[in-house]
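Written below as structure tokens is the structure these notes are about.
The values are calculated or read from the model by the stated rules, or taken from the named source; none is laboratory data. All figures in this text were calculated on a predicted structure; none of them were measured in a lab. Neighbour counts are summed over all protein chains in view; Cβ atoms, including those assigned to glycine, are modelled from backbone coordinates with ideal geometry. With ligands, DNA and RNA removed, areas are computed over all heavy atoms of the protein, side chains included. Shrake-Rupley method; radii C 1.70, N 1.55, O 1.52, S 1.80 Å.
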Amino acid sequence: MRDELKALTRAYGDGTINQIELQRLEDLLREDAEARQDFLSEMNLIDALEEMSLAAQPEPEDQDQLVPKTIQKTLRQFALTPWVSLAVMAASFLFITYVFWQNPGSPKIGTIVELHGSVRWTGQEGVVVDQIQAGDSLPGGTLEILAADAWVSFRFHDGSIVTLSGRAEAVLSDRDQKLLLLRHGSFSANVEPQPTNSPMVVQTPSAEIQVLGTQFNVTAGTTETELKVNEGRVNFLRLIDGKVLEVPAEHLAIASLDAAENFTAQRPGAHPTIWRIRLSSDADVKHGYWKPALFELASKLKQSVATGELTEAEALNEYKKSANMNNEGSVWAEPSKTGCLVWLDVRDEQRRRILLTDQTRIRVAGRLFGSTELEMGFSAYAVNGGFAGKYSQSVAVQDFKRSAEGKFECVINVGDLLPQSDEKPIDLLIHDWWCVTDSNTAKLEITRIEILDK
Amino acid sequence: MSKPPPADCYDQFVALFARHERAVRGVIRSMLPSLQDTDDVMQEVGVACWHKFAEFKIKTDESKDAFFRWACVVARFEVLKFRRKCARDRLVLSDETIHLLSEDAEHRSVNAERERQALEDCLNSLNTEDQRLLLSVHTRGDSVANIARQLGQNVRRLYSRINALRDILGECIRQKLVAGDF
């Protein structure tokens, strides 16, 4: 274990970490699966020492109780029996699958049919390959999209195709049945008919999907999974409560980790052609740091109170006045492999994607420092189909007006964006939008994005 | 909120929860920066699992491992809820990192248990004073600063000593696992 990671992990586990160290720890953990294993091992050591320390202490009389005392005694007996955890050791379905594809003898399960941009494959015994290309046959493993403009299509031997896009990471395997573990991101799938007793299974952090043959799109985040079925029917299981929903063609359903959320299949209405991002929360932020609008005001007011310019009561009044007026925030770019990146979901309140016409323009406003070029782009999907491509354009910062505070606004005609295929993005749905600077030291804040028609 | 499950599920719930409590707690602790936070979230997880237990049984009552996986999903959600509540005044890992860690932690429950068993042996190989020092750091409500004050030692020096002991334990555990002792 690297010394830096070890020190940061201990600082986190001991509650002594500072903001800069936490950011560094986040970077290490996000990028490196091995670092996460080391982190978990060290945290397990801390947890075990805490448990031993507690066991050596007399138990407080008034401890909060989840269950009555008699049951607590039973719980303690179980918890303290060394071998009961053997039950935990029985591997879960996912774990078994993971071990299967780690086996050096794993056969090839399919081929990369199309690929654009930076895509990584991690296979047997943790071997990492950043230079995969169309035509490569692969055994089971993990495909990971590393850049905003990247995507990859993988075809299983039976002709079923999955296309990953949108900073996605997915484990693929195909032994007795196809399994796709989508850790995060988006994919669309055209699945050939599967045997009834071994459907293709897609697992996400909040849901499980069983597919016998159909076309559908999935987007998974940390707390919810969105499923849009375009053809056929799909069984959609919400993990938090085990409820199962049959989602028919042209319907959409969301499985949240919050069981109180609605879990029904709904037919999205007509797609809107205009849209404006809601920045009252971080719900649509895929990459970037969402900041409430009042964050800076609160800092300024605190400073004013500290310097004696305002009393606490005056500062509080000022804050309350602003709080009533504006609840919108902004998104700051965070470093990525290709520069400082903001990446946002594009959907309205009813979760409908926005339809692009030949008149569509995108207006972007924000603040920018320390960058000479921005690249903006989006992912597009067919109206009743799968992934249709990514479109992007580089914009020289000198080409748009900026104020002394770095504020800018620019408008881009969708027809001007460079397609990665020959087709213009007309009559397609915009799924997500990104903006990346040419340097990881730049500062980029997005305060508004609108899609305009005409 | 879900209806509480029928009373006749209680024994089954308690048995399953007891069996997996330590592993679930370990998953939660790996995501949070303190013992107190872990206690708070574990409490919420216990209550949430009980309230949702009837729904869990409908789909997955045949597999005991399913309970661990399901409880980990509940735990992850409660950790994320907790994080949102306290993120402004405490330094906690981001949603994305928590998600990555929880997934990895679920998969390494076997290794985690082996490490804990090896730790018991390794801790016994330390002298009594070092054992007491290591454990006292993790005593509820105590801190390295308090212990340094009581012992009349410099905080940084004491922290270095504790970390050196942790290194010894870590290496001992690693060797035992490589040797296949656990």
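Some notes on this structure:
- Rounded accessible area of B:Arg174 (nearest 10 Å², 1.4 Å probe): 130 Å²
- Rg ratio for chain A: its Cα radius of gyration over 2.2 N^0.38 Å, N being its residue count, equals 1.10.
- Estimated D of the stretch B:126-182 in µm² per second, where Rh is the Kirkwood radius over Cα pairs and Stokes-Einstein applies at 10 °C, 1.306 mPa s: 128 µm²/s
- Unit charges on C-beta of K, R, D, E only; dipole of the protein assembly as shown, Debye: 640 debye
- Positive minus negative residues near A:Val436 (Lys, Arg vs Asp, Glu; Cβ under 10 Å): -3
- Computed 3J(HN,Hα) for the stretch A:197-202, one whole-Hz value per residue from the Karplus formula 6.51 cos²θ - 1.76 cosθ + 1.60 where θ = phi - 60°, is 8, 9, x, 5, 10, 10, glycine and proline marked x.
- Surface calculation, 1.4 Å probe, protein heavy atoms: A:Arg353 sits at approximately 20 Å² accessible.
- Take each residue of peptide A:14-26, count the partner chain Cβ atoms within 10 Å of its Cβ, and average: the result is 4.
- Value of Rg to Rh for chain B (Rh from inverse mean 1/r over Cα pairs, i.e. Kirkwood): 1.03
- Accessible surface ranking that places the most exposed of A:Lys243, A:Lys6 first, with a 1.4 angstrom probe: A:Lys243, A:Lys6
- Largest first, the residues B:Ser125, A:Ser322, B:Ser30 sort by 1.4 Å accessible area into B:Ser125, A:Ser322, B:Ser30.
- With all protein chains modelled, accessible area of A:Arg183 [1.4 Å, Å²]: 20 Å²
- 11 Å beta-carbon shell around A:Asp32, net charge (K/R +1, D/E -1): -1
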